[in-house]
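Peer 1: For reference, the structure I am asking about is given below.
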Amino acid sequence: MAIYPGSFDPPTKGHLDLIARGSRIFDELVVAILRNPEKAPLFSVEERKEMIELLTSGYKNVRVDTFEGLTVDYATRVRATAVLRGIRAISDYEYELQMALMNRKLQPSLETVFMMPAEHYSYVSSRLVREIAAMGGPVGALVPGLIEQRLRAKFGAPKRSKAPAVASKRGRKRNLQS
Ligand code: PNS
C-alpha cells in the first residue's frame, strides 16, 4: 500500500493523472492531505477531501485521508510501504530528492516512488492555478470541471470568458437620464 501525500490546494489534472498511474501499480493508494497549520489554504482540508473523493470515486483501490505531523509517522500508522510523489520537471527533483532522503533517514523501510505525470501537465501547479483563478483567468485545461466550478464559486466567473456587456438602447437612455 502507498500513500500519496500533498497539499492538493486545489487538486489539478496533474494530481489526477498521478493518482491514475499510482492506482495501477499499487494494490491500494491513499491520497493523504496534509493539515498544515502554518499555511492559510484556499480550500479547507474538508473541502479538498470531498473534492478528491468525488474525483476518485471510480477507483476501487483509492481512498482519501487527512493527516497532521510527519509523513513518515502517518505512513507507519497506516502501514504504507511506499510514498508516491510526482516529478514534473528537473526543477522538482532537488526538493523531492531532499524530501525522499530525509524521509528515508527518518524511516528507512519506507520507499519513495517517483512517477511522472503526462508531459502535457508538466507545467501545471496548484499555486499557478490559484493565481490564475484569483485573477479571473481560465483554468479549465488545468483542473477537472468540478474544481473549476469550485474555483468559480470562490472567485467568480473567469473575466475573459464573459461576453462583452452591451447596454440596451433603453438601458442607455435610462443611464443618460439618471
Ligand atoms: O503538495 P506539496 O505541498 O508539495 O506536499 C508536500 C508534503 C505534504 C508532501 C510535505 O510538505 C510533507 O511531507 N509534509 C509533512 C511534514 C513532514 O513530514 N516534513 C518532513 C518532510 S522531509
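Peer 1: Based on what the data block shows, is L84 touching a residue at least 24 places away in the same chain (Cβ under 8 Å) and within 14 Å of the ligand (Cβ to nearest atom)? Before you say what the answer is, go through the steps one by one.
Peer 2: On the way: touching a residue at least 24 places away in the same chain (Cβ under 8 Å): yes; within 14 Å of the ligand (Cβ to nearest atom): yes.
Considered against the rule, which asks whether it is touching a residue at least 24 places away in the same chain (Cβ under 8 Å) and within 14 Å of the ligand (Cβ to nearest atom), L84 comes out as yes.
Peer 1: If you check A75, A153, A100, A141, which single one turns out to be modelled with pLDDT of 95 or more, in a helix (DSSP H, G or I) and either farther than 19 Å from S7 by Cβ or in contact with a Cys (Cβ under 9 Å, 6 or more places away or on another chain) (or both)?
Peer 2: Details: A75 fails: either farther than 19 Å from S7 by Cβ or in contact with a Cys (Cβ under 9 Å, 6 or more places away or on another chain) (or both); A100 fails: either farther than 19 Å from S7 by Cβ or in contact with a Cys (Cβ under 9 Å, 6 or more places away or on another chain) (or both); A141 fails: in a helix (DSSP H, G or I).
None of the others qualify; the one that does is A153.
Peer 1: Here's a follow-up. Please work out which one of (1) under 14 Å from the mean Cα position of the chain (by Cα); (2) within 10 Å of the ligand (Cβ to nearest atom); (3) in contact (Cβ under 8 Å) with a residue 60 or more places away in the chain is the condition A32 fails and give its number.
Peer 2: So A32 meets the others, but not (3).
Peer 1: Quick one: in the stretch 111-121, of everything that is open to solvent by 50 Å² or more (accessible area, probe 1.4 Å) and within 18 Å of the chain's Cα centre (by Cα), which residue is nearest to the ligand (Cβ to nearest atom)?
Peer 2: F114
Peer 1: State whether the residues of the stretch 145-160 include one that is open to solvent by 70 Å² or more (accessible area, probe 1.4 Å) and closer than 18 Å to R21 by Cβ.
Peer 2: no
Peer 1: If you don't mind, another one. Within the stretch 50-69, is even one residue among the aromatic types (F, W, Y) and assigned to a strand (DSSP E or B)? Talk me through it step by step, then tell me what you get.
Peer 2: Let us first name the residues in the stretch 50-69 that are among the aromatic types (F, W, Y), namely 59, 67.
Now drop any that are not assigned to a strand (DSSP E or B), which leaves 67.
Yes: one or more hits.
Peer 1: Applying the selection to the stretch 1-33, what residues are more than 21 Å from Q149 (Cβ to Cβ) and in a strand (DSSP E or B)?
Peer 2: Result: A2, I3, Y4, P5, G6, L29, V30, A32.
Peer 1: Is there a residue in the stretch 123-133 that is open to solvent by less than 40 Å² (accessible area, probe 1.4 Å), among the small types (G, A, S) and part of a helix (DSSP H, G or I)?
Peer 2: Step one: of the stretch 123-133, the residues open to solvent by less than 40 Å² (accessible area, probe 1.4 Å) are 124-126, 129, 133.
Next, from what is left, pick out any that are among the small types (G, A, S): 125-126, 133.
Next cut, part of a helix (DSSP H, G or I) only: 126, 133.
Looking for residues that are open to solvent by less than 40 Å² (accessible area, probe 1.4 Å), among the small types (G, A, S) and part of a helix (DSSP H, G or I), one finds at least one in the stretch 123-133, hence yes.
Peer 1: Please work out if R85 is under 28 Å from Q149 (Cα atoms), open to solvent by 90 Å² or more (accessible area, probe 1.4 Å) and in a strand (DSSP E or B).
Peer 2: Details: under 28 Å from Q149 (Cα atoms): yes; open to solvent by 90 Å² or more (accessible area, probe 1.4 Å): no; in a strand (DSSP E or B): yes.
The answer is no for R85.
Peer 1: State which residue is farthest from the ligand (Cβ to nearest atom) when the search covers only the stretch 88-110 and only residues that are surrounded by 15 or more Cβ atoms within 10 Å (Cβ to Cβ) and among the charged types (D, E, K, R). Give the steps one after another, and end with the answer.
Peer 2: At the first step, the residues of the stretch 88-110 found to be surrounded by 15 or more Cβ atoms within 10 Å (Cβ to Cβ) are 88, 92, 96, 99-100, 103-104, 107, 110.
Those still in the list that are among the charged types (D, E, K, R) too: 88, 92, 96, 104.
Numbers: R88: 11, D92: 9, E96: 9, R104: 9 Å.
Only one residue tops the list, namely R88.
The values are calculated or read from the model by the stated rules, or taken from the named source; none is laboratory data. A quick note: this is a predicted structure, and the numbers were derived from the prediction, not measured. Heads up, the Cβs are rebuilt from the backbone with ideal geometry, glycines too, and the neighbour counts pull from every protein chain shown. The area values use the complete protein model at the heavy-atom level, side chains included, leaving out ligands, DNA and RNA. Shrake-Rupley method; radii C 1.70, N 1.55, O 1.52, S 1.80 Å.
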